[in-house]
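Peer 1: I have a structure here, written as structure tokens, and I will follow up with some questions on it.
Values in this text are rule-based calculations from the coordinates and carry no lab data. Quantities reported herein were computed from a predicted structural model and do not represent experimental measurements. Cβ placement follows ideal geometry from the backbone for every residue including glycine, while neighbour counts extend to all protein chains displayed.
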Amino acid sequence: MGNLEICCLSAVEMAEAIRTKKLSPVEIMDAILHRIEQLNPKVNAYCTIVAESARKQANQAEAMVMRGEEIGPLHGVPVSIKDLIFTKGIRTTGGSKIYENFIPQQDAIVVERLKAAGAIVVGKTNTAEFGWVAITKNPLFGETRNPWNLELTPGGSSGGATASVALGMGPLAIGNDGAGSIRIPSSFCGVFGFKPSFGRVPQYPSFPGWETLAHTGPITRTVADAALAMEVIGGRDDRDFFALPETRLRYLPFLGTDLKGLRVAWSKDLGYAAVDPQVSRITEAAVKTFTTLGCMVEPASPEASSPEQALSTIVATRLPAVLQDKMEEWGEQIGQALAHFVNQHKDKSAKEYLEACFEQLAYWDRIRPFFEKYELLLTPTVTVPPFQLGIYGPKEVAGIKVPPLGWMAFTYPFNLTGQPAATVPCGWTDDGLPIGLQIVGRRFDDVTVLKAAAAFEQASPWADKRPPLG
């Protein structure tokens, strides 16, 4: 099997090939590292690569297989970790010069669990500085490029993770999502991204600022890979105050099961978003697939206006609270755009923050009845196709002026509610750029989201469609 063929395998296929001795962990690791060496300079997906350590672990993994030892579900499978997530002994910068030389003394819980399952960390993927914007650019490592067009952004802040998966530089990446940071770049890069229910994957330790909004989850080329990853990384851990109590949930057995009778709403705009015509056309066509799968689909939107102000106020209070006391000490080490953001919002009051938190609760109260009627909500993932590098988002969509978060209007509401949400590749623009369809589930119903995504994948597969770069 050639290097490209190996790199195009899913994590499930890699794990099975290792288990049955059709491929060795060393062969797989060599192929992945060679591909990273070839393609990473073009897209800047990885910011730190630990090739020597990864090869050493691959050799150890191979020896375990040859000795017939018991192995985990991801034994020998290469994984990447977003640079906002702590990795023991591997530099973790958060995309900031402040932490340029920071090497954590412990793994984040998600990394602990991946390693316990036999996965091998290949490196860290690029992010926005402290994940504060939905593109992937920071003062330390620069900007990540979209593998479908190098002049465009992959989105963010998990853009390094999604670009790496799209190009076969690893079958499984772990990202996190505070307002769309898994789903936006997964849509822009043509891969599957899953934001589990808030608290489903424990987050500890972590950089402060996103504790009440961020979800950690998998980015993959197939739904089955994400389901397998969730079986490994999900479950209770009391080190995370917000962790959900369930443990050892299964997801893989539900993939491929019937969607007949599922009540599904399709909202083209959530009642307030401006959407690019190509995005509308492609996602509306994709929604018809759910009807053919037996779902009862009808157009409907929650009776709730945009919660952008609440989300913006929470972020504009929490991040400056973390950083403002250090501004004088850290000075120019903080990126200019982030420093401006902190200075602009450093005087936010406790009253403003609490009002935003109350609005978050009120927003859930407004849309809760909608999800009592419907089991799933379908929307476009992003209102626009991938856009040019160097900007933080378009100011106009379909000729209509939009607020700062207007282009990501479909993602951040479900960070405020904590609901599970996925993005599936559902088509390509006339220019060959990927478009994503978002699948939102009821609170804590991660299984139905993954089941629906897998059914759509089977009906309209995407994994074999690769960027022209690779």
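Peer 1: Name all residues of segment 293-325 having a backbone nitrogen under 15 Å from the label point set 7 Å from the Cα of Asp258 along its Cα→Cβ direction, giving them as ranges.
Peer 2: Residues 293-296 fall inside that zone.
Peer 1: Let me ask something else about it. Could you work out the Kirkwood radius for the chain, taking every pair of different alpha carbons, averaging 1/r and inverting it, reported in Å?
Peer 2: With all distinct Cα pairs of the chain included, I get 21.9 Å.
Peer 1: So, by mean Cβ neighbours within 10 angstrom, what's the order for 375-388, 31-44 with the highest one leading? Kindly include the intermediate steps, with their values, before the conclusion.
Peer 2: On the way: 375-388: 24.4, 31-44: 19.6.
Output ranking for 375-388, 31-44: 375-388, 31-44.
Peer 1: Counting alpha carbon pairs within less than 8 Å and at least 6 residues apart, what relative contact order, in whole percent, applies to the chain?
Peer 2: Reported relative contact order: 16 percent.
Peer 1: Now for a separate question. What are the residues whose amide H is under 5 Å from the amide H of His215, where those residues sit 5 or more places off or on another chain and H is modelled from the backbone?
Peer 2: Asp177, Gly178
Peer 1: Using the Kyte-Doolittle scale, which helices in the chain average at least -1.0 and also have C-alpha atoms spread 27 Å or more along the helix axis, with helices defined as whole DSSP H runs?
Peer 2: Working: long enough: 350-373 (36 Å, -0.60).
Once both thresholds are applied, what remains is 350-373.
Peer 1: Hey, got a sec? Which trypsin sites (Lys or Arg not before Pro) in segment 239-300 land in a DSSP loop and have at most 14 other Cβ atoms within 10 Å? Display every interim value, and only then the final one.
Peer 2: Details: sites: Arg239, Arg248, Arg250, Lys260, Arg263, Lys268, Arg281, Lys288; in loops: Arg239, Arg248, Arg250, Lys260, Lys268.
For trypsin sites (Lys or Arg not before Pro) across segment 239-300 that sit outside H, G, I, E and B with at most 14 neighbouring Cβ atoms in 10 Å, the list reads Arg239, Arg248, Arg250, Lys260.
Peer 1: Over segment 302-378, what is the relative contact order in percent, taking alpha-carbon pairs closer than 8 angstrom and at least six residues apart?
Peer 2: In percent, rounded to a whole number, it is 51.
Peer 1: 222 nm [θ] for the chain, helices only, -39500 (n - 2.57) per DSSP H run of 4+, per residue, to 500?
Peer 2: Taking each H run of at least 4 residues, the total per residue is -11000 deg cm²/dmol.
Peer 1: Something else: Which FRET efficiency, nearest 0.05, do Phe358 and Asp431 yield, Cβ-Cβ r, R0 51 Å?
Peer 2: So the FRET efficiency works out to roughly 0.70.
Peer 1: Quick query: amide H of Ala304 versus all other amide H atoms, modeled in the peptide plane; which residues come in under 5 Å with a sequence gap of 5 or more or a different chain?
Peer 2: none
Peer 1: Could you give me D for segment 212-256, from Stokes-Einstein at 10 °C and 1.306 mPa s, where the hydrodynamic radius is the Kirkwood radius over C-alpha pairs? Units µm² s⁻¹, please.
Peer 2: Result for D is 136 µm²/s.
Peer 1: So which GluC sites (Glu not before Pro) in segment 122-231 are both in a DSSP loop and have at most 16 other Cβ atoms within 10 Å of their Cβ?
Peer 2: Filter output for segment 122-231: Glu151, Glu211.
Peer 1: Let me ask something else. Using the Karplus curve 6.51 cos²θ - 1.76 cosθ + 1.60 with θ = phi - 60°, work out ³J(HN,Hα) for each residue of segment 236-253 in order, rounded to whole Hz, and write x for Gly and Pro.
Peer 2: Calculated HN-Hα couplings, in order: 4, 7, 6, 5, 9, 4, 9, 4, 6, x, 5, 10, 6, 6, 9, 10, 4, x Hz.
Peer 1: Taking Cα pairs under 8 Å and at least six residues apart, what relative contact order does segment 97-253 come out at, in percent?
Peer 2: Answer for segment 97-253 is 19 percent.
Peer 1: Shifting gears a bit: Determine the dipole magnitude for segment 116-271: charges of +1 sit on the beta-carbon of Lys and Arg, -1 on that of Asp and Glu, nothing else is charged, the reference point is the Cα centre, and the result goes in debye to the nearest 20.
Peer 2: 320 debye
Peer 1: Select from segment 47-78 those GluC sites (Glu not before Pro) which occupy a DSSP coil region and have at most 10 other Cβ atoms within 10 Å, ordered by residue number.
Peer 2: Answer by residue number: Glu69, Glu70.
Peer 1: Across 5 Å bins from 0, what is the distribution of all Cα-Cα pair distances for segment 337-470, in whole percents?
Peer 2: 2, 8, 13, 16, 17, 16, 14, 8, 4, 2, 0
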